[in-house]
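Scroll down for the structure; my scribbles are underneath it.
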Amino acid sequence: MTLDVSTLRKDFPVLSREVHDGRRLVYLDSAASSQTPTPVLEAMDRYYRWSRSNVHRGVYRLAEEATDLYEGGRTKLASFVDADPRGVVFTKNATEAMNLVAYAWVRRHVGPDDVVLTTMMEHHANHVPLLYAARDVGFEVRHVPLTDDGQLDHDAARELVADGRVTFLAMVHVSNVLGTRNDVAAMTALVRDANAECVVLVDGTQAVPQMPVSFRELDVDFYALTGHKMCGPTGIGALIAKPERLEQMDPFLTGGEMIRDVSIEAVTWNEIPAKFEAGTPMIAEAAGLGAAVDYLTGVGMEAIRDHETQLAQVFLDRLGELDGVSVHGPADATLRGGAISFAIEGVHPHDVGAMLDSKGVCVRVGHHCAKPLMKELGVVATARASLYLYNDVDDLDPLVEGIEAARSFFAR
């Protein structure tokens, strides 16, 4: 199935904008935050206009409507990633979801003699919480290195787990810097061959917007995602978990709604997933996320993946024709997502970003919340263009022209 990008673009009001004296806006930063289609905006507007109320607390019509919207968002998301709704915990973003696991699982179930395994391509959100927990608990953190083309080195990983001490694996599904699509199932099997009881957390923030994801088929314990990268609103994410894991965990946050009973001396937690959702939740955002799921389902996740792969290969090929331009990550687009980080010899990424902005092109520059990876690559920062369902080859022309202009102007 081929995407009708010109029709899809009409669903995203911001893409009709002009910037910098009439230049067409070219948005290539969806790995940071995707744009929001009209059906998502309308779903949130309907809640605020017609069903504004709290959830799980009232028996009147508005409260019931709000609760249906909120729980409907959970049910839709669970179906979208092939998971049990009881294992879907709403959080404010993926960072909170991964911190929830670090606090409520890792700190309680990983001992000082254990080892936590992660990778050199992790976002800080999946790295810093582990370092923080390691400081307090005393366990060792090991890192899977990368191959020359930006993939995980499975042979090295096999050596790192050989002693059977790895009890927790934290890894990214699709790298936000390299674009690499990691084989989660293979890495999970590798680790569990050494220790069948190893618990696995996956950062799925870049994968869920771009490709079909089945939580059941991956057979991991925890999977983190965020709404704002998948055409949904900011302020909402989710931890997808095996229900039995959530049952083994104490809450990360406490307060109203997450309790079954409270006395002046003790508290009994609520059932999952409510046990992990203290206080008034993100109701409008859940409605918007549900609408985003409907939208992406309507477009088709396989079609989105194939479109990104084809467009990424065109961009990679065009970059390969430019002198002094290098790409970080796999050169084969079938091995990666839509995020493509590149460097121009002798030009700082911030200068590249400024030049592209002057031409109406939006890209990300910096360390992308992945400083250990930057050090591994031997750079302080990169420029990153990230492609999505509303981009097409027409967006690549001003992008490549801007890269050439930056090289010509700054590389002297």
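Taking V191 as the residue in question, decide whether it is more than 19 Å from H367 (Cα to Cα), crowded, with 21+ Cβ neighbours inside 10 Å and out of contact with any helix residue (DSSP H, G or I) (no Cβ under 6 Å at 6 or more places or on another chain).
Yes; evaluated as a whole, the condition is true for this residue.
Test A170 against the stated conditions and say whether it is assigned to a strand (DSSP E or B), within 23 Å of G87 (Cα to Cα) and small (G, A, S).
Yes; evaluated as a whole, the condition is true for this residue.
Of all the residues that make up segment 1-24, how many are surrounded by fewer than 16 Cβ atoms within 10 Å (Cβ to Cβ) and either assigned to a strand (DSSP E or B) or over 23 Å from the mean Cα position of the chain (by Cα) (or both)?
15
Determine, yes or no, whether D394 is assigned to a helix (DSSP H, G or I), without any contact (Cβ under 8 Å) to a residue 12 or more places away in the chain and under 27 Å from T205 (Cα atoms).
yes
Checking P233 against (1) part of a loop (DSSP other than H, G, I, E, B); (2) of a type outside the set (A, V, I, L, M, F, W, C); (3) under 16 Å from the mean Cα position of the chain (by Cα); (4) within 18 Å of P129 (Cα to Cα), which test does it fail?
(4)
Test R74 against the stated conditions and say whether it is in contact with a strand residue (DSSP E or B) (Cβ under 6 Å, 6 or more places away or on another chain), in a helix (DSSP H, G or I), on the phi < 0 side of the Ramachandran plot and at pLDDT 95 or above.
yes
Give the residue that is farthest from G87 (Cα to Cα), with candidates limited to residues of segment 253-280 that are surrounded by fewer than 16 Cβ atoms within 10 Å (Cβ to Cβ) and of a type in the set (V, I, T).
I264
Determine whether A125 is part of a helix (DSSP H, G or I), surrounded by fewer than 19 Cβ atoms within 10 Å (Cβ to Cβ) and touching an Asp or Glu at 6+ places or on another chain (Cβ under 9 Å).
no
Would you confirm whether or not segment 264-276 contains a residue that is touching a residue at least 60 places away in the same chain (Cβ under 8 Å), among the β-branched types (V, I, T) and assigned to a helix (DSSP H, G or I)?
Scanning segment 264-276, I find no residue that is touching a residue at least 60 places away in the same chain (Cβ under 8 Å), among the β-branched types (V, I, T) and assigned to a helix (DSSP H, G or I), so the answer is no.
Mind checking which pairs have a first residue in segment 81-104 that is free of Cβ contacts under 8 Å to residues at least 40 places away in the same chain and of a type in the set (S, T, Y) and a second that is buried (at least 22 other Cβ atoms within 10 Å of the Cβ) and not in a loop (DSSP other than H, G, I, E, B), Cβ under 6 Å, 6 or more apart or different chains?
Close Cβ pairs (under 6 Å, with a partner that is buried (at least 22 other Cβ atoms within 10 Å of the Cβ) and not in a loop (DSSP other than H, G, I, E, B)) do not exist here.
Considering (1) of a type outside the set (G, A, S); (2) under 24 Å from D153 (Cβ atoms); (3) under 17 Å from the mean Cα position of the chain (by Cα), say which one L377 fails and leave the rest.
(3)
Sort through T2, T75 and tell me the only one that's β-branched (V, I, T), touching a helix residue (DSSP H, G or I) at 6+ places or on another chain (Cβ under 9 Å) and within 21 Å of S386 (Cβ to Cβ).
T2
The values are calculated or read from the model by the stated rules, or taken from the named source; none is laboratory data. Predicted, not measured: the structure shown is a model, and the values here were computed from it. Neighbour counts are summed over all protein chains in view; Cβ atoms, including those assigned to glycine, are modelled from backbone coordinates with ideal geometry.
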